[in-house]
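Everything on this sheet refers to the single structure shown next.
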């Protein structure tokens, strides 16, 4: 079944004329820290030499990267993890953190599932400042809420839920502007893929990372979305060779190319692994 599904998506990708990445690299993330796992979000620095990653258990970790002469990651050194300070109403944890944005000024925005919300952290020693909600947030499934968070060049926040509710219903794209959320755009749903990550690239396009599970392996897809025209096209399909990719960061590594850095969530499961997967594409 796994082979058949992988072959099907490979053939579909060929039929759609998907652009071939200029290069694909991957490196396993290894750490002795038991808290360093479950990574669901990543923000790469503009120079590609450091990142901030988010665990779905309410931890942030910064890392320094060494790259070889070709630009491939050769080593990763992590700082100690930092626990987010979040409220615990009635003793119930509210730390199911999923989406991550780090602004140029250093402010951190994080989206949470369970208690569905988006919060700002002025610094890592501060209690979260919760943004106003939207009526639709209350209707999300407990483990399928605001999985993805992104910020555009104007500093406007966007959030996407993991599920749309039906196969024929598009994913709403929430926008936080002037102190409130609206839904100016939608992303058509294609197949059974679910939204797990998003980031605006230096080209102004919204890159959406999606995931499906066959029962044996994970399928991965990245779609590039032009919010103004409504056009969306696939730039990458993973057919079972990668893990549970959940976070994505898009940055420019040359005037002609972009890098899509993705991180996998190991679910704190010894049978899975945390790894960084990087694609280089024209753009």
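Since every read-out is calculated from the coordinates, none of them should be taken as a lab result. Note that the coordinates shown come from a computational prediction; the quantities given were computed from them, not determined experimentally. Cβ atoms come from the backbone with ideal geometry, glycine included; neighbour counts cover every protein chain shown.
Worth pointing out:
- Label assignment, percent of Cα pairs over 25 Å apart derived from the structure, set [x] 47; [y] 58; [z] 43: [z]
- Gyration tensor verdict on the range 91-207 (Cα atoms; rounded if a/c is under 1.5, prolate if a/b is larger than b/c, oblate otherwise): oblate
- Note on the range 57-72 and the range 147-206: Cα centroid distance 26 Å, given to the nearest whole angstrom.
- Relative protection proxy for 76-82, 239-245, from highest mean packing down: 239-245, 76-82 (other beta-carbon atoms within 10 angstrom).
- Distance between the modelled labels on residue 252 and residue 130, one decimal in nanometres: 3.9 nm (7 Å Cα→Cβ projection).
- Result for the chain in a Gaussian network model with C-alpha springs under 10 Å: among 189, 67, 223, the largest mean-square fluctuation is at 67.
- Highest to lowest packing among 177-185, 193-201, 247-255, 265-273, scored as the average C-beta count within 10 Å: 193-201, 247-255, 265-273, 177-185
- Helix-only mean residue ellipticity at 222 nm for the chain, each DSSP H run of n ≥ 4 adding -39500 (n - 2.57), per residue, nearest 500: -1500 deg cm²/dmol
- Rounded if a/c under 1.5, otherwise prolate or oblate - the range 141-283, Cα gyration tensor axes: oblate
- Model label sites at residue 154 and residue 23, defined 7 Å from Cα along the beta-carbon direction, differ in position by 3.6 nm.
- Candidates 99, 204, 145, ranked by Gaussian network fluctuation over the chain, Cα under 10 Å, top entry: 204
- Additional length obtainable on full extension of the chain from residue 272 to residue 66, 0.36 nm per residue less Cα span: 71.7 nm
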